[in-house]
Structure formats: C-alpha cells, structure tokens
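Visitor: There's a structure below that I have some questions on.
No value in this document is a laboratory result; all are computed from the given coordinates. Predicted model, so just to flag it, every value in this text is computed and none were measured. Using ideal geometry, Cβ is built from the backbone for each residue, glycine included, and neighbour counts are taken over all protein chains shown.
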Amino acid sequence: MVWNRKIAHINLTSGKVQTKKISKSLRKQFLGGRGLNMYYLYQYIKPGIDPLGPENALFIGTGILTGIPALGAGRCDIAAKSPLTGAVGDSNIGGFFAPELRFAGFDHLMVTGKAEKPSYIWIHDGEVTIQDATHLWGKDTFETQDQIRSDHNDEQIKSLVIGKAGENLVRYANVRTGMKNAAGRTGMGCVMGSKNLKAIATRGTLDVEFAYPDKLLDYCSEMNNQITGSRWASAQSKWGTLIIYSNTNTTGLIRTRNFQLNLLEDGENLEPEVMDEYTIGMSGCYGCSVHCRHRYVLKDGPYAPLFGEGPEYTSLGAFGTMVGCKKMETVLVGNHLVNKYGIDTLEVGGIIAWVMELNEKGLLSEKLTDGLNLEWGNEEAVFELIKRISKREGDLGNILADGFLPAIAKIGKESEYYAMQIKGMSNLHSDERPTPSLALGIATSTRGAEHLRSRPAIDLYGLPEELLEEIYGAPMSSDYTSYEGKSRMVWWQELLYAVTDSIGICKFQTVFCAVHAPKFEEFSKLIEYTSALKISKPELMEIGERIITTERMFNNREGFSRKDDKLPERFFKEPTTLGLPIIKGKKIEKGRFNTMIDEYYSLHGWDNNGVPSEETLKRLGLENKYSMNS
Amino acid sequence: MQKFLFINPEKCSGCRICETVCSLHHEKVCNPTYARIQVIKWESSGLYIPMVCQQCEDPICETVCPMGAVFKDENTGAILIDYDLCVGCKLCVTHCPFGGVVIGKDGKIKKCDLCDGDPLCVKNCEPKALQYIEGTTINFHKRKAAAQRFSELMQKLLAAT
C-alpha cells in the first residue's frame, strides 16, 4: 500500500545500503516528498556541519500521490543543507524520475557520506547498487543520461544527474533530468558533486498499488478537466510560463537591468508569441494535462542546430530582462547552456545582472571583469559567464560560482546594496515593490528569496473580497498593493505549497494561478483514494504548518532568525519608476512590512524573533524533536 | 459507422497519462510496464509516438493464432482474445509488427480492448493525440490540416504578388 513503502539509506563512504519501511505515523505527520525530507533533514543533519562535507546528507523523495494520471504527479523533492545559503536546501523537480523510482520500489532515498571516486547510484526493481561513474565524469547532463541508458542497454532509464557545474562545486549547481527538468534552487547539484555522485539512475517495473483504483481513475479525470477548463491552463498549454511576461511587462512587475527599471522597453521580441517561430510542439511532465514546456529548435546562428525544451519565464528574466537582452534567441541559447552545464538559471542570471550593474556603477575593477564587456545586453558576455561560472574559469567565474554572499565579501561592501538576494539566494526577476504579499513571501521563505514557497499569485487578479475570504478564511483586501490581510494570504499559500510538494504534484495545478484549481479539499480525496488514509482539510493544513515549522527549526538551529527575513534595501529606498498608475511610484514601507512579518509569525505560532513557541511545537507534535541533535 | 483509435503523434505531449490510466483500469494498479499503450520517445529530438494495437482489418495475430482465439468485436471494432481458447503460445506477441500484444504479469497475453467502446486513454488525452472517431472524420481532419497549410502558402504567394 502507498503509505507503507520503502526508503533506502545509501552510505557512499562504506558502500552499504539499507532498506527500511516508512511508518504510517510518519506518513500521517509529513505525508512524503518535501514533508518527509524536511523531517529527515532535521533529524539526521547535525547543526553547523559543512554542507560540502561527507556529513551532509541528500534526501530524494517522491510524493504520496506520485504516479497518478493527473496534476503532474511526477514530481520529486530533493533536500540537503544548502551550500548556497547554509539554510534548508530543498528543490523540486518534474519530469519522469519520481514515478520511475516508485516503480523501482522506493519512495525515498537518503544518501550519506562521500564516494572515493566518481560514482552513481543504480536502482532497479528493489535493488540498489553503487556503480563506477569515472567514464561519466566531465560529461554534460544530456550525455550523462544517454550514456547510462546505453550502458544498461535500456532506453527507459530515468536519471537525476549533475553537469560540469555540480562537478566543479558551483554553489548553485542544480540536479537535472530529461531535456530540461531541473531541481534548480539551493545547490543540490553541488551537494551531489561534493559526494562524487554523478547520477542517480532508476528503472522499475513493479506495481504501485492504490487503495481505490476505480474511484481514483474517475477522480483523476475530473481533476484534469477542472484544470484544463481554466483560461490559465489553456494559455499555459500554448505558451508555457512565458505568458507571465505578457502581464508583468505590461503592468510593471518585472525587473530589468538588475533592479533599475520595472518594465523592458522595446521588449516585443520576448513576447510568448515569438516562440511560435521555434516551437515544434509542447511537452508535458508525467501525468500532466497542461504541458507547459516548449520543444524548440534553433536552426540558425552560431549555436544551431539546437534542440531544447523550455524556456521558463525564469530564463526569460535570467537571459532577457535582468541582463538587458531583448531577443528570444538569447534566452533559448542561455536556457540550453544552463541545462547542459547543470546550473540554476535563476541564480546565474541574477548574479550576472548584478555584476553588470556593478560594472555600470564602477564598482567592479577592470581586472575583475576578466576582459569581458559587461555592458547591458551583451549576450556574448552572458553566455561566456554561464560557461566560466560552471567551469570555475578565471577570477570572476570562480568568485561568482560561490554565490552572492562570498562574492560580496570579495568584491566589496558597496556591492551588497545592488545584490538582489535574500539569505544568499537570488530573487526571481519579478519586482515585488508594488505587491506587499509577494514581498512578504520572498522575505520569509525558508530557502532564501523564492517565489515558489508561498507566492499568492492570484492576489494580482483583484478578485472579489468575498471570494478571497472564502479561500483564505478571513477578510482581506482585494487590492494587490495593500498590506491588509496579506500575511494570512502568504501563510495559507505556504501551507498549500508545503503539502503540494509533499504529495508530489505540480504547484501550477493548484491555487497558484487559478482560483478554482485543486486545493486542500481535492488533495484530501486524492490521498484517500490512493492510500486509504483519511486526512481532512484542517489536518492537511496542520501538516503544512508542521513542515514549515520544521524548516524554520532547522534554520533557527543554523543561526537564522528574524534578522534574515528581510528584503534588499532597494525595496524600501527606490520607488518603481514605470508601469500602470497603481504600480508606478511604489516601494515597500518598512513599518507596515514589519507589521506583516509580526502577523505572519503569529499565524505560524512563532515568537517575535521567528522562533516556534513551546505551545506550537507541542500542538504540532514536534516538542521532542526540537531538542534532538542540538 | 465504425470508430477507430486514431493516433496523431504531432499532438502528443509525452505525459504518459494514457499508459497510467490503461494500467489502472485494466490491472487495477499503477504500472505502465503492463499498459497496453506506450509512448515511445526520442527525448533528445522531441519526438513522442504513442504505440498501441491498430485493431487491424486483417489481423496478423488472428492469422497466426493456432487456436482461433482471436476475434473481432463487431460493436467496437476491437480485436479481442477468447481466453477459453487461448493456450498462451504468444505467437501473436512475436508476430504483431506494432508490439500491440503484451505479456501481462500473470504471463497471459493482453491487448487493447478499446475499453468496450469508450477508451480511457482517449478520454484523458488532453492534447487529443489520441482520438476515437469515425473513419470518415479522420479523413476530414487530415484534409483540413493539409488545406490549412495550403491556404497559408497561397496567402503568402498572394501577399508577395
């Protein structure tokens, strides 16, 4: 049964593998995926360890719903202590790996220690072995996956792999699968590299048994219809997340030239329709009826011929608006390079945009530019920096490969003001100055500046207040520039996404972008039909709280507190200069922002410093765990 | 008018929902290995082609079956197996050029039965890469798509002159 499946403990130092069952009581507390990963992270990782040392552990988790034919249920959660931030490292990846791991008999993996030589983990129908990866070391993420398939003579193998960036311990190296899927954030590929772990490959032909297959089947069809019936999904099906650009670059919610303007002028060539010229069709992850990825072909230019998937809105910012490039082809090439080298698109784009602004402001010595022309819009410098950072080539590439905080220390204190980062991690190219709810989310996220932790994207729709109250359970303003009630909105979305990441479905198929998309009530039914566990909406929300509070406890133990739940100073000092009348001239007001943080902590049952109270720990059943390892 | 399971690979997004619903419906478990339909992928060039029994007019599986266990359901057009007659020799598996007959976990042969005339893979295929439609309609769709390309070409030519 789905709740009674296995975790493999894999020690790369000793080469030992132990298989254990995951208990029902743990399932009821943390579900699976991110939830269980956070439990393991807190339990197994000793405070203050070096994230790149053998004592860090890497956790891979499928969700409790992984494998169902709906809602993009192919997602996998990867966690460790982050080498980028020192806080919770956690990243979610789509594609086809997670279901394959389940078909191979495992729901979770815990990888500890460090292999003596390049290795990969091979998981096949209940068997786990550690294999030599010397011949894979140095290969890019595409070649690595191909080689593993060819070595085992099985084209249906699915692998999580690292590229050059992971091998070279770039602190924001990602983990990749397929042509484009990436566990992008917090440097999980760097942790793999530090363990000499090139890949985790799996192939399975075993059953995943669901409690009520017929009911589940009917309900999955209903879910898919519910999703594809929305205007949002039909837009995504055609243009992917690039459609967001059409909105943000009209309203003024997009950052360009690092953080100087909030609209890209003459940015028509980045409109999603431009992709029609390159697209041969769309592509979906496992169990997804939205299929938001482009399959694109680049026929001309120095990088042609090239086939790729994506790009996401994120890459459009990374290699478009943030660095002042205005051509879709630049984005497509940039997207291809980061996928090939296995480096986080958002982080690398954010850090390149930062050095471009430092260059403009005269804060980067000529020696440090390493002969690169770092003027806005110079795509060759962008491509060159992606390569140099991934390979740690030259002074600049090597400095930037360590991420914002070490780079600030090396380049100079004045450079900090221009770094659009929180807890050492780059923010998306969204401009949150006019939107307090979105700003609160990135400031309080447990893994650094991050939109996928709690973003209430539907706040931007100006929905009727009665509807907002119905969803969020308390009155709040429908004006997205208001601070009223927005802390609750962020808190609620944060719980929803924690549960989403733990059941293993795609966030885009929840109340992220569409109001009537699935939320707790639907999750509850799906959990029952798959596992026979009856978990009500309030119980699910409590599980969400338990997960977030566990993450908070991990971060507290590493020295993080309220002082780290902040925004870059520019959010308070520089008002937006462009956009709709409601957006132009906006900045975040510090006093009101602090009140929102107070309210947000109080909703979670944390004290004024962002530390969970005794009552909260007791209520969530975490009181004994709080003292463990500390 | 007889309906057909019509596959249009150009529309397939590769999500494999068809495989999963097939296995859940027929095997009552989630396991694409034993699904009767499979999306074959060329990942690095972005080609996805769903493969399933073609319900042939002159089925090779029927020809090679020594027991006469293969028959056609006149209502749905599905080629089915009479398990009372089938001895499990698997000649049908060997000879089908499409890989349309699979060996189940119990060792018995399995094939697409069009879900008694309401194929679940079709019902759940959002991009409509799988359709269960009348033969004449298939032709109309194909002609329309070709005509569309033709009209675009003509408009370009007209604009050029």
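Visitor: Between A:LEU467 and A:GLU277, take the C-beta separation as r, use R0 = 35 Å, and let me know the FRET efficiency to the nearest 0.05.
Guide: Computed FRET efficiency for A:LEU467 and A:GLU277: 0.35.
Visitor: Let me ask something else. Which is the longest run of chain B containing none of the chymotrypsin sites (Phe, Trp or Tyr not before Pro) found in DSSP loop states (not H, G, I, E, B) with at most 13 other C-beta atoms within 10 Å?
Guide: B:1-82
Visitor: Between A:GLN43 and A:ASN269, what is the spin-label point distance in nm, taking each point 7 Å from the Cα along the Cα→C-beta axis?
Guide: Each label point is offset 7 Å from its Cα along the Cβ direction, giving 5.4 nm.
Visitor: Can you give the FRET efficiency to the nearest 0.05 for B:THR94 and A:LYS534, using r as the Cβ-Cβ distance and R₀ = 56 Å?
Guide: 0.70
Visitor: Now a separate question. Give the Cα extents of the range B:18-161 along the principal axes, in whole Å, largest first.
Guide: 69, 31, 26
Visitor: To continue, here is another question. Checking the table A:LYS423/A:LYS507; A:LYS410/A:LYS586; A:LYS180/B:LYS11; A:LYS16/A:LYS195; A:LYS20/A:LYS81; B:LYS11/B:LYS110 against a 21 Å threshold on Cα-Cα, which pairs fail?
Guide: Among A:LYS423/A:LYS507; A:LYS410/A:LYS586; A:LYS180/B:LYS11; A:LYS16/A:LYS195; A:LYS20/A:LYS81; B:LYS11/B:LYS110, the Cα-Cα distance tops 21 Å for A:LYS423/A:LYS507; A:LYS410/A:LYS586; A:LYS20/A:LYS81; B:LYS11/B:LYS110.
Visitor: Then there's this: How much of the DSSP bridge set in the protein assembly as shown is antiparallel, in percent, rounded to the nearest 5?
Guide: Of all bridge pairs located within the protein assembly as shown, approximately 85 percent are antiparallel.
Visitor: Decide, for the range A:181-279, between rounded, prolate and oblate: order the square roots of the alpha carbon gyration tensor eigenvalues as a ≥ b ≥ c, take rounded if a/c falls under 1.5, and otherwise choose prolate if a/b is larger than b/c, else oblate.
Guide: It comes out oblate by the Cα gyration axes.
Visitor: Relative to the present Cα-Cα distance, how much length would full extension add between A:LYS367 and A:TYR212 at 0.36 nm per residue of separation?
Guide: 49.3 nm
Visitor: Given a Förster distance of 51 Å, report the FRET efficiency between A:GLU375 and B:HIS141 from their Cβ-Cβ distance, rounded to the nearest 0.05.
Guide: 0.50
Visitor: Separate question: Please label the shape of chain A as rounded, prolate or oblate, based on the square roots a ≥ b ≥ c of the eigenvalues of the alpha-carbon gyration tensor (a/c under 1.5 means rounded; beyond that, a/b larger than b/c means prolate, else oblate).
Guide: rounded
Visitor: Separation between the A:TYR417 and B:LEU85 pseudo-spin-labels, each 7 Å from Cα along Cα→Cβ, expressed in nm?
Guide: 8.7 nm
Visitor: What value, in deg cm²/dmol to 500, does the helix sum -39500 (n - 2.57) over DSSP H runs of n ≥ 4 give at 222 nm once divided by the residues of chain A?
Guide: Rounded to the nearest 500, it is -11500 deg cm²/dmol.
Visitor: Considering only DSSP beta bridges whose two residues both sit in the range A:6-203, what percent are antiparallel, to the nearest 5?
Guide: 75 percent
Visitor: Considering only the other residues whose Cβ falls under 11 Å of the Cβ of A:ASN398, what net charge follows from Lys and Arg at +1 and Asp and Glu at -1?
Guide: Around A:ASN398, the surrounding residues sum to 0.
Visitor: Could you give the angle, 0 to 90 degrees to the nearest 10, between helix B:135-160's Cα long axis and the longest principal axis of the Cα atoms of chain B?
Guide: Once rounded, one gets 20 degrees.
Visitor: Show me the trypsin sites (Lys or Arg not before Pro) within the range A:1-52 that DSSP assigns to loop and that have at most 14 other Cβ atoms within 10 Å of their Cβ.
Guide: A:LYS16
Visitor: Hey, another quick one. Mind checking the angle between helix B:17-27 and chain B's longest principal axis? C-alpha axes, 0 to 90 degrees, to the nearest 10.
Guide: 20 degrees
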